[in-house]
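Heads up, the thing below is written out as C-alpha cells.
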Amino acid sequence: MRDKERNQLSAAQREIAQKNERGFTLIETVIALVVMMVVGLASASLFVYAIQNNLGGGERALAMAVAQQHLEQFRSVAFDDTTLAVGTTTLPTVVSGERKYTVVRTVANETNTDGTSKFLKRITIRVTPQTGGPAWVRTPVVLVSHRSTVAMGLYAAP
C-alpha cells in the first residue's frame, strides 16, 4: 500500500509542479531581447571607436616619422647652409607608407629681448596627413627643434 500511496503522492506533486511551471511571456522575451540589443550595440560602437583610434594612431606615427626625417636633414647641414635659410617652405606632397602628407618647414632666427641675435635658429616641421577619415586623424604633427652655431663666444646671455 505504501508504494501505491507514494506513486499517487508523487503524481500529485508532479501535477502541482507542472501547474507552477510557466514559460517566459512574450513581454519578458521582448524585454530580454531589447537589453541584449543595447549591450550588443554598445560593444559594437566600442569596436568601431577602437578601430578608428588605431587608424589615427598609425597615421600619426607615420607622420611623426616623416617629420623626424625632415628634421634630421636640417641637423645634418652646417648652421649657415642655405637649407637653414629663414622662412617657410611648403614641400610638394610627400608619400610615405603609401600615404600622402603635406610638409611645411619653418626656420626662424631666435633673438634676445634687445633684438640681438642669439645665433640660434628655431626649426618647425608640420606634417599633415592627407587621408580621408575623421578630422582628428588629419591633425598635424608638429616637431620643433633649435639649432645653434658651433662658433665659440657668440652666445649673448638673455
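Read-outs throughout are calculated quantities, based only on the coordinates presented, and are distinct from any laboratory measurement. None of these values were measured; they are calculated from a predicted model. No Cβ is skipped: glycine too gets one built from the backbone with ideal geometry, and neighbour counts run over all protein chains shown.
Using a cutoff of 8 angstrom between alpha carbon atoms and counting only pairs six or more residues apart, the relative contact order for region 23-148 works out to 22 percent. Other residues within the sphere of radius under 15 Å centred on the Cβ of Arg75, judged by their own Cβ, net out at +1 (K and R +1, D and E -1).
So how do 101-107, 89-95, 117-123 stack up, highest first, on mean other-Cβ count within 10 Å?
Numbers: 101-107: 18.9, 89-95: 11.0, 117-123: 16.9.
So the order, starting with the most tightly packed, is 101-107, 117-123, 89-95.
With a cut-off of 12 Å between beta carbons, the residues surrounding Arg105 carry a summed charge of +3, where Lys and Arg count +1 and Asp and Glu -1.
Coordinate range of the alpha-carbon atoms in region 26-79 per principal axis, descending: 80, 11, 5 Å.
A simple spin-label model places the labels of Ile51 and Thr139 2.2 nm from each other, with each point 7 Å out along Cα-to-Cβ. All alpha carbon pair distances within region 23-148 were sorted into 10 Å bins beginning at 0; the resulting P(r) in whole percents reads 11, 29, 20, 14, 9, 7, 5, 3, 1. Taking R0 as 25 Å, what FRET efficiency do you get between Thr89 and Thr149 from their Cβ-Cβ distance, rounded to the nearest 0.05? The pair Thr89/Thr149 has a calculated efficiency of 0.75. Here the label points at Phe119 and Ala32, each 7 Å from Cα along the C-beta direction, are separated by 8.2 nm in the simple model.
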